[in-house]
Amino acid sequence: MYTRKNQRNLTGAEKKKFVQAVLELKRRGTYEEFVELHIQYYISDAEDGLRAGHMAPSFLPWHRQFLLDFEGALQKVDKSVTIPYWDWTADNSHSSSLWAESFLGGNGRQGDRQVMTGPFAHRAGNWPIRTSVTDSDFLTRNFGRPADPVSLPTAAELAGAMNEKVYDASPWDSTARTGFRNRLEGWTTGGDKAPWRNHNRVHRWVGGEMLGAASPNDPVFWLHHAFVDLLWDRWQSKHPKATYLPHKRLPRNDPQSGRALSAEEPMPPWNIKPSQLLDHKNLYRYDA
Ligand code: CU
Ligand code: CU
C-alpha cells in the first residue's frame, strides 16, 4: 500500500525522484509503450468497435489500470515513487508550482508552442517525442488557448458531475446527458457555452500534446488522471449505494452491444473487469 499525494505538497526531493523516474522510462523506451497503448485505445463514438478507454462507462476503470501499470513501471525504477495528482480546481494558474522549472516546466512559447523550460523541454535533450499524432518532436503546450480562451473547471462546475446520482446512463457514450462518468469525462452535445467539461476541458486548457490521442506524451497527463481517479473515489463516497453501470452485459439488440463494457466484461488490453477495479484501497490511497 502506498500513497498518492497532491503535487502541491511534494517536497523538492519527491518531485525530483518522480521526474527522474519518468525520464528513465523514456530513456529505456518503456514510456513510448504507454503512449502507443493510449493511441490504440483512443476510439471514439464515430468509429465502430469496442470503446474501452474513452466515451464509455469503462473510461474510469480503464484509466485506473493504465495508471497502475505506469506507476508499476515507475516503481521498478524507484520504489518510492507514486503518481502525484493535480487538483486543477485549486492550482489553476500559469504560475502554479506544478509548472516550475524543477518539476514539469511551463507553457509553450509563442509561435510553435514549444515548451522551453523544465526537464521535458526538447532542448534539455531528454524528451524527444517519438510517438505522436502530429509531426513535432518537441513537447508543446498552449495554456488557456488564448486565441479562443478556455478555462480550467471550477469546483462549482465539477460539483455538477459529483452530484450526479448514477454512474452512467444510456446510450453509454459521449452523448449521455446524465451520469457521473460523462459529466466528469466531459463530452457535451454542442451548443453549450462551455462545450468541454471537467476532464476534457483540462486537456484543452493545457493544449499541445495534451489535446489528442497521444496526450500521455505530456507527463502532466498522469497527474491529471490521478485527480480524475481520486474524484471517482469521492463520488463513490458521496453516493455509497451507486454502482458501476451497466451492471450486466448489454443485450444484443442494444446499439452499444459490443461497444460499451459492463461491470463483468474484461477490458482490453488487460483481462480485468471494471468490477475488479471499483476499490483500490488495498493498493494505494490518496492523501485527501
Ligand atoms: Cu485517455
Ligand atoms: Cu484524459
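Details
- Applying the criteria of a DSSP loop state and at most 10 other Cβ atoms within 10 Å to the trypsin sites (Lys or Arg not before Pro) of region 232-288 yields LYS241, LYS248, ARG252, LYS281.
- Distance in nm between pseudo-label sites at ALA156 and ASN126 (7 Å out along the Cβ direction from Cα): 4.1 nm
- Counting DSSP beta bridges with both ends in region 2-286, the antiparallel % (nearest 5): 50 percent
- Between 0 and 90°, nearest 10: helix 30-40 axis offset from the chain longest Cα axis: 40 degrees
- For TYR2, distant residues with modelled amide H under 5 Å away: TYR284, ARG285
- Listed residues LYS79, LYS273, LYS17, most fluctuating in the chain (Gaussian network, C-alpha, under 10 Å): LYS79
- Taking amide hydrogens as placed 1.01 Å from N in the peptide plane, the amide H of ILE272 sits under 5 Å from those of MET267, each at least 5 positions away in sequence or on another chain.
- Computed [θ] at 222 nm, deg cm²/dmol, the chain (DSSP H ≥ 4; -39,500 (n - 2.57); rounded to nearest 500): -9500 deg cm²/dmol
- If R0 is taken as 25 Å, the Cβ-Cβ distance between GLN110 and ALA46 corresponds to a FRET efficiency of 0.15.
- In the assembled protein chains, ASP148 presents an accessible area of approximately 90 Å² (probe radius 1.4 Å).
- Separation in nanometres of the label points that stand 7 Å from Cα toward Cβ, at THR178 and SER93: 4.0 nm
- Among SER170, SER58, SER215, residue whose mean-square fluctuation peaks in a GNM of the chain (springs only between Cα atoms under 10 Å): SER170
- Table column - 3J(HN,Hα) (Hz), region 170-178, Karplus curve with 6.51, -1.76, 1.60, x for Gly and Pro: 4, x, 6, 9, 6, 9, 4, 8, 10
- Accessible carbon and sulfur surface of region 2-286 relative to its total accessible area, %, 1.4 Å: 50 percent
- Cut-off 15 Å, label 7 Å out along Cα→Cβ of GLU32, residues of region 197-220 by amide N: 217
- Placed amide H near TYR85: partners under 5 Å, 5+ positions off or other chain: LYS5, ASN6, GLN7
- Between ASN253 and ASN282, the distance separating the two model label sites (each 7 Å from Cα on the Cα→Cβ line) works out to 4.0 nm.
- Note on ALA147 and ASP233: with the Förster distance fixed at 41 Å, the Cβ-Cβ geometry gives a FRET efficiency of about 0.70.
- Dipole in debye (nearest 20) - region 45-116, about Cα centre, beta carbon charges: Lys, Arg +1; Asp, Glu -1: 160 debye
- Accessible surface area normalised per residue over the chain is 44 Å², counting heavy atoms of protein chains with a 1.4 Å rolling probe.
- With DNA, RNA and ligands ignored, accessible area of VAL150 (1.4 Å probe; Å², nearest 10): 20 Å²
- For the residue pairs LYS26/LYS273; LYS15/LYS281; LYS5/LYS273; LYS238/LYS273; LYS5/LYS241; LYS15/LYS79, the alpha carbons lie more than 20 Å apart in LYS26/LYS273; LYS15/LYS281; LYS5/LYS273; LYS238/LYS273; LYS5/LYS241.
- Region 37-116 and region 209-256 have Cα centres spaced 13 Å apart.
- Note that region 136-153 has calculated 3J(HN,Hα) couplings of 6, 9, 10, 5, 10, 8, 8, 3, x, 6, x, 5, 8, x, 10, 10, 6, x Hz, one per residue in order, obtained from phi through the Karplus relation 6.51 cos²θ - 1.76 cosθ + 1.60 (θ = phi - 60°); glycine and proline are x.
- Sequentially through region 206-220, phi angles give Karplus couplings (6.51, -1.76, 1.60; θ = phi - 60°) of 5, x, x, 4, 5, 6, x, 4, 9, 4, x, 4, 9, x, 5 Hz, Gly and Pro residues having no value and appearing as x.
- Nearest-0.05 FRET efficiency for ASP135 and MET1, computed from C-beta distance (R0 51 Å): 0.75
- Loop-resident GluC sites (Glu not before Pro) (DSSP state other than H, G, I, E or B) in region 4-48 with no more than 16 further Cβ atoms inside 10 Å of their Cβ: GLU47.
The values are calculated or read from the model by the stated rules, or taken from the named source; none is laboratory data. Bear in mind the structure is a predicted one, so any value in this text is a computation, not a measurement. Cβ atoms come from the backbone with ideal geometry, glycine included; neighbour counts cover every protein chain shown. Only protein heavy atoms, including side chains, enter the accessible area calculation; ligands, DNA and RNA are left aside. Shrake-Rupley method; radii C 1.70, N 1.55, O 1.52, S 1.80 Å.
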